[in-house]
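Student: This is the structure I want to talk about, given as structure tokens.
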């Protein structure tokens, strides 16, 4: 029976641990402190964050990286993106060359603006890097814990590695697809959180479904533009890690980033909103990273620009969103330094 180590007691980390244990795998959940490990062993998950969830017998909790990773076939990294590097430093001495390294975080590192796979690659031995995988998709944890059907995409540069991880993670109500576009899958999972913040603002302001649909659609085009500029295929953004995750995150009241947007539209202070939340809204830090990347590339990203102004420069939410929705239209695929036109022209020429 394969053993799986899950790093991180986030709601997503616990969800994956429960799903894989229910599948019949032996799972070890790593907590950062012994105090937390004891509390989880004795009382189970926080009933406010994860109501009606109990740990199956095959799921154990430990604060020892050595015990968590001992003879593990795979390690799943389910920690906030801003603590990824710190957590890797704590566990990397216990990794083995045979282990699959599966990133489940959706964000970019503030300061370096690096994707999580890049952060992981910097912190682990070079010989282990071919085992890095990215798990992403429309995965609202509460629905998955209820046993409702869900799908995700697993990306790795090596197709054999992707298929190996796919087989390990697929569960009765959790379908896993594979992809080799690591950049696109990773960016889709991160960038959709920026758009979800704005979608929450549109809902909070009561601007209706027409405005929200337009906002989400323009957001997807903006996501694709940046992804292509960084080496991805725009077609990846039409898949589970792009459009799929974007729909779920922008539409569902279960989305943390959508919630932040709604609360900002009500006039609440950002710091107060974040302090009141039990989990991390990755879109806030990701917005700063994406804005910085766009500035460096001289890439036109109007939604990201407006989100940055609201979050970091105190711009008025209503005025800024109204300006964004009322912006003068032009061709859908046009934008400063966007490569979307040239990509589709190349495809048409190749098909002739």
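Here, each number is a calculation from the coordinates, and none is a lab measurement. Predicted model, so just to flag it, every value in this text is computed and none were measured. Cβ atoms come from the backbone with ideal geometry, glycine included; neighbour counts cover every protein chain shown.
Student: Normalising by the residue count of the stretch 164-318, find the relative contact order in percent from Cα pairs under 8 Å and 6+ residues apart.
Tutor: Averaging sequence separation for qualifying contacts and normalising by length gives 30 percent for the stretch 164-318.
Student: Would you mind getting me the FRET efficiency between residue 217 and residue 90? Use the beta-carbon distance for r and R0 = 35 Å, nearest 0.05. Let's see the in-between values first.
Tutor: Numbers: r = 41 Å, r/R0 = 1.18.
Calculated value: 0.25.
Student: Taking 0.36 nm per intervening residue step and subtracting the Cα-Cα distance, what contour gain separates residue 300 from residue 319 on full extension? Write out the running numbers ahead of the final one.
Tutor: Details: separation 19, 0.36 × 19 = 6.84 nm, distance 2.02 nm.
The span from residue 300 to residue 319 would gain 4.8 nm if fully extended.
Student: Hey, got the Cα dimensions of the stretch 184-347 along the principal axes, in Å, largest first?
Tutor: 48, 32, 30
Student: Which semi-axis lengths, in whole Å and largest first, follow from the square roots of five times the eigenvalues of the Cα gyration tensor of the chain?
Tutor: For the chain, the semi-axes come out at 33, 24, 18 Å.
Student: If we count other beta carbons within 10 Å of each Cβ, what is the order of 12, 30, 291, fewest first? Write out the running numbers ahead of the final one.
Tutor: Numbers: 12 23, 30 29, 291 20.
Listed from fewest to most nearby Cβ atoms, that is 291, 12, 30.
Student: Same structure again: Just from its helices, what would the mean residue ellipticity at 222 nm be for the chain, if runs of 4 or more DSSP H residues each count -39500 (n - 2.57) and the sum is divided by every residue, rounded to the nearest 500 deg cm²/dmol?
Tutor: On the way: 16 runs with 177 residues, N = 352.
Taking each H run of at least 4 residues, the total per residue is -15000 deg cm²/dmol.
Student: Output the peptides 93-103, 32-42, 69-79 sorted from most to least packed, where packing is the average of other Cβ atoms within 10 Å over each peptide's residues. Kindly include the intermediate steps, with their values, before the conclusion.
Tutor: Values: 93-103: 18.0, 32-42: 14.0, 69-79: 21.6.
Descending mean neighbour count gives 69-79, 93-103, 32-42.
Student: How many percent of DSSP beta bridges within the chain run antiparallel, rounded to 5? Let's see the in-between values first.
Tutor: Numbers: 5 of 31 bridges.
In the chain, DSSP labels about 15 percent of beta bridges as antiparallel.
Student: Still on this structure, please answer the following. What ranking do 151, 233, 276 get, fewest neighbouring Cβ atoms within 10 angstrom at the top? Provide the component values of the computation, followed by the final result.
Tutor: On the way: 151 14, 233 18, 276 9.
Placing the least packed residue first, the sequence is 276, 151, 233.
Student: Using only the alpha carbon atoms of the stretch 3-180, find the Kirkwood hydrodynamic radius as the inverse mean reciprocal pair distance, in angstroms to one decimal.
Tutor: Values: mean 1/r = 0.0618 Å⁻¹.
Computed over Cα pairs of the stretch 3-180, the Kirkwood hydrodynamic radius comes out at 16.2 Å.
Student: In which sequence would 258, 52 go, from the one with the fewest C-beta neighbours within 10 Å to the one with the most? Walk me through the intermediate numbers first.
Tutor: Working: 258 28, 52 8.
Fewest-to-most Cβ neighbours within 10 Å comes out as 52, 258.
Student: P(r) for the stretch 176-239, please, calculated from all Cα pair distances in 5 Å bins and given in %.
Tutor: 4, 18, 27, 19, 15, 10, 6, 1
Student: As a test of the definition: which semi-axes, in Å, follow for the stretch 130-200 when you take the square root of five times each eigenvalue of its alpha carbon gyration tensor? Largest first, please.
Tutor: Working: eigenvalues 94, 67, 9 Å².
Values for the stretch 130-200, descending: 22, 18, 7 Å.
Student: So what is the diffusion coefficient of the stretch 36-99 in µm² per second by Stokes-Einstein at 10 °C and 1.306 mPa s, using a Kirkwood Rh over Cα pairs? Write down the numbers at each step before the final one.
Tutor: On the way: Rh = 13.5 Å.
Estimated via Stokes-Einstein, D reaches 117 µm²/s.
Student: Based on DSSP, what percent of beta bridges with both residues in the stretch 3-180 are antiparallel, to the nearest 5?
Tutor: Working: 5 of 31 bridges.
Taking every DSSP beta bridge with both residues in the stretch 3-180, the antiparallel ones total about 15 percent.
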